[in-house]
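Remarks on the structure that follows.
Laboratory data are not the source of any read-out in this text; all were calculated from the coordinates shown. Not measured: the values here are computed from a predicted model. Note: ideal-geometry Cβ built from the backbone for every residue, glycine included; neighbour counts use all protein chains shown.
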């Protein structure tokens with residue numbers, strides 16, 4: 001994931017490397033499908049974290065229930081995409097999730113500062 005390392009040193013800050021984990025010779029449709037799975041995982045993960053932060057600050061019971069449902073939906077969609085990606089290449093999935101975790105830690109730490 002050289003893209004992540006090089007972006008960590010840039011003035012724009014780090015960014016997750018979302019490039020298709022497709023093997024050499026895969027069709028464009030397969031590459032697009034894999035990229036969509038990665039994007040879905042990243043989006044759901046970040047949305048879940050921000051909803052969790054909002055949940056921590058919410059005092060209204062109805063708002064908290066709505067956020068719990070939203071977080072549950074994010075989790076379900078994340079794991080559906082994760083399962084599909086794991087069946088394709090578990091090693092690429094592990095690397096992608098590690099990058100995603102680093103990105104979330106850096107983003108959410110900056111958000112809290």
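What to note about this one:
- For region 25-65, the normalised intensity computed at q = 0.16, 0.24 Å⁻¹ comes to -0.55, -0.77 (log10 of I(q)/I(0), Debye sum over alpha carbons, equal scatterers, no solvent).
- Summarising the label geometry, the points placed 7 Å from Cα in the beta-carbon direction at residue 101 and residue 54 lie 2.6 nm from one another.
- Pair residue 61, residue 94: separation of 7 Å Cα→Cβ label points (nm): 4.6
- Legend: P(r) of region 29-112 from all alpha carbon pair distances, 5 Å bins from 0, whole percents, reading 3, 15, 22, 21, 17, 12, 7, 3, 1, 0.
- Taking each residue as 0.36 nm, the span from residue 35 to residue 84 lengthens on full extension beyond its C-alpha to C-alpha distance by 16.5 nm.
- Overall form of region 72-113 per C-alpha gyration tensor (a/c, 1.5; a/b vs b/c): oblate
- Computed FRET value (nearest 0.05) for residue 108 with residue 27, which takes r as the C-beta separation and R₀ as 30 Å: 0.25
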